[in-house]
């Protein structure tokens with residue numbers, strides 16, 4: 001028996017998120033089914049991030065155990081030849097048998113993409129949030145430092161959470177502009193349910209002039225979901241990757 | 001009666017190209033149908049570039065005549081509210097009644113996108129050509145100057161062409177690299193059937209070491225489609241835009 005780690009990229013458009021659902025196809029569901037068929041044994045992956053319906057990934061992580069003798073680094077090729085083209089394994093490697101991607105320290109990196117222009121661009125529609133009203137990126141940047149460090153982010157968590165604690169640490173939060181594309185890049189030791197999308201929704205309010213950058217500390221202090229901005233749409237969000245062992 | 005110019009962006013993935021076909025939806029077909037319904041008169045657009053099935057556009061151009069009194073610049077909004085989200089009008093403006101987008105001098109700008117890495121990226125799969133074997137961008141760049149200027153590009157034209165002459169002028173051809181994305185950007189006074197895709201296919205052969213950059217003048221001289229490289233897949237190609245009145 002050995003434990004294999006997969007780095008998984010996907011276009012989340014046509015999936016009901018990562019986690020297996022009764023109704024609808026999921027990334028986890030596809031991986032369980034195709035790995036089981038590939039190795040002829042029942043395989044269940046453990047995912048690092050249970051991304052929501054419509055959210056994309058460049059580098060989500062999953063592990064599974066197998067009796068197969070296939071070398072770890074060959075599994076990516078064998079699996080990619082079986083799964084749909086909107087999921088692609090980027091790497092496969094054998095890891096320690098006790099490695100658990102949700103039970104070890106890790107840094108997660110997310111990006112939220114906003115297309116800020118007069119008219120939508122069809123080729124960008126599936127992985128950006130189209131926002132017509134002009135956004136002032138300097139205002140959004142002025143709000144970023146308030147998020148950094150360890151805080152109770154209860155205001156930035158959907159009420160459906162099962163998390164034991166709502167304290168998280170954000171290591172970095174940057175707003176980059178490339179023409180009419182605005183990228184919000186954030187990294188932290190973990191994120192609450194919808195947290196990145198609520199941060200994005202709040203930064204969009206600030207960038208559009210509805211609220212001031214200086215309001216962020218009060219939003220955090222309130223520990224009240226109603227104090228923060230709306231949850232920005234799933235399709236703008238991509239899980240870029242994660243580093244373990246930090 | 002007035003003539004309206006539209007700048008049209010589309011994701012070509014789900015269309016049988018620009019030009020109306022008996023079987024299958026086309027960009028032109030959607031525009032004719034929805035403009036006719038919008039204005040209550042039969043409307044037929046004239047497109048500047050009849051892009052192939054699967055080819056994308058940021059700025060294709062079409063004109064049509066209408067009796068409507070709707071101001072030209074409002075038509076983009078009215079039409080966008082009717083058409084599918086994979087087509088978006090970027091601009092609408094009244095032009096001279098004798099302006100014909102295929103009968104006046106113009107410069108067209110195309111981009112061919114290659115994703116050159118070990119594994120495919122799902123979110124890029126619809127508008128890049130995935131090519132695993134490493135490409136040497138410096139070799140591709142070395143081939144570019146041979147294409148510049150006025151030449152008979154018969155070797156870079158699919159045999160199905162209806163063009164009267166195969167002489168065209170290329171004003172610019174550049175290969176840009178951004179990480180594992182390679183962008184071939186070309187502008188000219190017109191392009192033969194599949195010409196950009198055959199140039200891309202030839203540059204890919206050169207970049208992968210199969211052929212030398214210095215072979216390009218001989219390919220051009222031969223006036224033989226067999227001498228050039230393969231036609232690269234449609235999904236990597238985007239019509240960026242065009243300038244009239246040059």
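What follows is calculated from the coordinates using simple rules that are stated; it is not laboratory data. Since the structure is predicted, the reported quantities are computational estimates derived from the model, not experimental observations. Here the Cβ is made from the backbone with ideal geometry for all residues, glycine too, and neighbour counts use every protein chain on show.
Helix content alone sets the calculated 222 nm mean residue ellipticity of chain B: runs of n ≥ 4 DSSP H residues at -39500 (n - 2.57) each, divided across all residues, give -5500 deg cm²/dmol.
Can you give the translational diffusion coefficient of the range A:62-126 in µm²/s, computed by Stokes-Einstein from the Kirkwood radius over Cα pairs at 4 °C and 1.567 mPa s? Could you put the intermediate results ahead of the total?
Details: Rh = 15.7 Å.
Rounded to a whole number, D works out at 83 µm²/s.
With the Cα gyration tensor of the protein assembly as shown in hand, convert its eigenvalues to equivalent ellipsoid semi-axes via √(5λ) and list them largest first in whole Å.
Working from the Cα gyration tensor, I get semi-axes of 43, 31, 20 Å.
Hull volume per residue, based on the alpha-carbon atoms of the range A:34-154 and their convex hull, is 164 Å³.
Where does helix B:27-39 land angle-wise versus the long Cα axis of chain B, in degrees 0 to 90, nearest 10? Compared with the principal axis, the helix lies near 10 degrees.
With the label put 7 angstrom out from Cα along the Cα-to-Cβ vector, residue A:183 ends up 1.3 nm from the copy partners, going from closest to farthest. Would you mind classifying chain A by shape? Square roots of the alpha carbon gyration tensor eigenvalues, ordered a ≥ b ≥ c; an a/c under 1.5 is rounded, otherwise it is prolate if a/b is larger than b/c and oblate if not. Note, shape of chain A comes out prolate.
Computed over the range B:2-95, the Cα gyration tensor eigenvalues convert (square root of 5λ each) into semi-axes of 20, 13, 12 Å, ordered from largest to smallest. Residue of chain B with the Cβ closest to the rotation axis carrying B onto A, and that distance rounded to whole Å: B:126, 4.
Hey, got the average number of other protein chain Cβ atoms within 10 angstrom for residues in B:121-131?
On the way: counts 7, 15, 13, 4, 4, 5, 3, 0, 0, 2, 0.
Mean number of neighbouring Cβ atoms from other chains: 5.
Between residue B:73 and residue B:21, the simple label model (points 7 Å from Cα in the Cβ direction) yields a spacing of 3.7 nm. A crude spin-label estimate for the pair residue A:212 and residue A:227, with each label 7 Å from Cα along the Cβ direction, gives 1.6 nm. Here the range A:172-224 has an Rg and Dmax of 11.9, 35 Å, counting Cα atoms alone. Remark: spin-label model distance residue A:185-residue A:132 equals 3.1 nm, labels positioned 7 Å along the Cα→Cβ axis. Across the identical copies, the label point of residue B:104 (7 Å from Cα in the Cβ direction) is separated from its matches by 6.4 nm, in order from shortest.
Sorted on the mean count of surrounding Cβ atoms within 10 Å across their residues, most packed first, peptides B:8-16, B:68-76 read B:8-16, B:68-76. Coordinate range of the alpha-carbon atoms in the range A:107-244 per principal axis, descending: 42, 33, 25 Å.
Given an 8 Å cut-off on Cα distances and at least 6 residues of separation, report the relative contact order of the range B:106-244 as a percent. Could you put the intermediate results ahead of the total?
Working: 294 pairs, mean separation 53.3, N = 139.
Value for the range B:106-244: 38 percent.
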